[in-house]
2 protein chains.
Amino acid sequence: MDIPSWAPTLVGSVAAVCTTGAFVPQVVRVWRLKSAGQISLTTFLLFALGTLVWLVYGVLINSIPVIAANGVTLVLALTIVSLKLNYDRKSRRGFPGAPPELNRRP
Amino acid sequence: MDIPSWAPTLVGSVAAVCTTGAFVPQVVRVWRLKSAGQISLTTFLLFALGTLVWLVYGVLINSIPVIAANGVTLVLALTIVSLKLNYDRKSRRGFPGAPPELNRRP
């Protein structure tokens with residue numbers, strides 16, 4: 001079966017919109033709850049690192065969807081990391097208005 | 001600058017290990033806390049869909065790292081979705097032992 005030359009780019013673009021856009025609701029949720037105790041810092045730090053390496057991979061294989069998707073995803077992942085660090089710090093200091101944190105290390 | 005032919009596969013493999021392995025701590029955290037109220041369901045559903053489409057993209061461009069990474073990531077993302085649905089349900093029913101949920105829709 002012949003695959004049209006535009007097919008990979010289209011499929012990659014759809015994938016990119018999904019996996020990149022997916023993190024926007026999580027950013028919004030953390031922001032509105034002003035809490036991220038259940039979010040794994042390790043996950044999002046490691047994920048951010050991985051998206052950076054994927055970005056490099058995209059450059060090596062000349063894939064625009066891979067480069068673009070991981071560039072934006074990297075920003076979103078680092079946003080979540082930043083928010084979490086901020087809210088966790090405020091929670092530990094008993095910052096007025098900070099919600100109770102499930103901060104125990106499971 | 002000539003890029004060795006093995007370089008993209010190596011870089012892609014490192015990226016795959018990072019972004020796929022990144023979700024393991026989040027799965028563990030949700031499992032141990034028995035709670036996922038702060039996790040965005042939309043995020044992980046959309047992310048799971050995206051990894052599936054990336055898997056298809058990997059097939060189209062014959063990229064083993066893309067295929068393998070997204071296959072495993074898909075399983076981890078769906079695990080988080082499954083755990084969240086389970087814990088959210090138990091929380092709404094007042095299941096004994098279920099922790100207080102930040103269940104308000106932000």
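Readers should treat all values here as calculations from the given coordinates under stated rules, not as data from a laboratory. Bear in mind that the values here come from a model prediction, so they are computed numbers and not experimental data. Here Cβ is always computed from backbone atoms with ideal geometry, including for glycine, and neighbour counts include all displayed protein chains.
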Residue closest to axis [chain B; rotation mapping onto A; Cβ; Å]: B:Gln38, 2
Taking a point 7 Å out from Cα toward Cβ as the label site, list the nm distances between A:Gly94 and the same residue in every other copy, smallest first. 3.2
Beyond 22 Å, what percent of the Cα pairs of chain B remain? 43
Output the 0 to 90 degree angle, nearest 10, between the alpha-carbon long axis of helix B:23-33 and the longest principal axis computed from the alpha carbons of chain B. 10
Of B:Ala7, A:Leu41, A:Leu52, which is farthest towards the positive pole of the protein assembly as shown's charge dipole, taken about the Cα centre with +1 and -1 on the beta-carbons of Lys, Arg and Asp, Glu respectively? A:Leu41
What average number of partner chain Cβ atoms lie no more than 10 Å from the Cβ of the residues making up B:24-33? 5
With a ≥ b ≥ c taken as the square roots of the eigenvalues of the C-alpha gyration tensor of the stretch B:6-48, please select rounded if a/c is under 1.5 and otherwise prolate if a/b is larger than b/c or oblate if it is not? oblate
In nm, the gap between the two label points placed 7 Å beyond Cα toward Cβ at B:Arg92 and A:Leu78 is 3.8
Where nothing but the Cβ of Lys and Arg (+1) and of Asp and Glu (-1) is charged, how large is the charge dipole of chain A around its Cα centre, in debye to the nearest 20? 820
To make sure I understand the rule: partners must be lysines, Cα under 24 Å from the Cα of B:Lys84, and not fewer than 8 residues away in the same chain. Which ones qualify? A:Lys34, A:Lys84, B:Lys34
Expressed as a whole number, the average count of other chain Cβ atoms within 10 Å around the Cβ atoms of A:79-85 is 0
Distance (nanometres) between label positions extended 7 Å along Cα→Cβ at B:Thr9 and A:Trp6: 3.3
B:Asn62/B:Leu41 FRET efficiency (R0 30 Å; Cβ-Cβ; nearest 0.05): 0.35
Quick one, can you get me the convex hull of the C-alpha atoms of the protein assembly as shown expressed as volume per residue in Å³? 124
What number, rounded to the nearest 500 deg cm²/dmol, is the helix-based mean residue ellipticity at 222 nm of chain A, given -39500 (n - 2.57) per DSSP H run of at least four residues and division by all its residues? -24000 deg cm²/dmol
Treat every Asp and Glu Cβ in the protein assembly as shown as -1 and every Lys and Arg Cβ as +1, leave all other atoms uncharged, and give the resulting dipole magnitude about the Cα centre to the nearest 20 debye. 1540
Work out the mean other chain Cβ neighbour count within 10 Å for the residues of A:4-14 and drop it here as an integer. 4
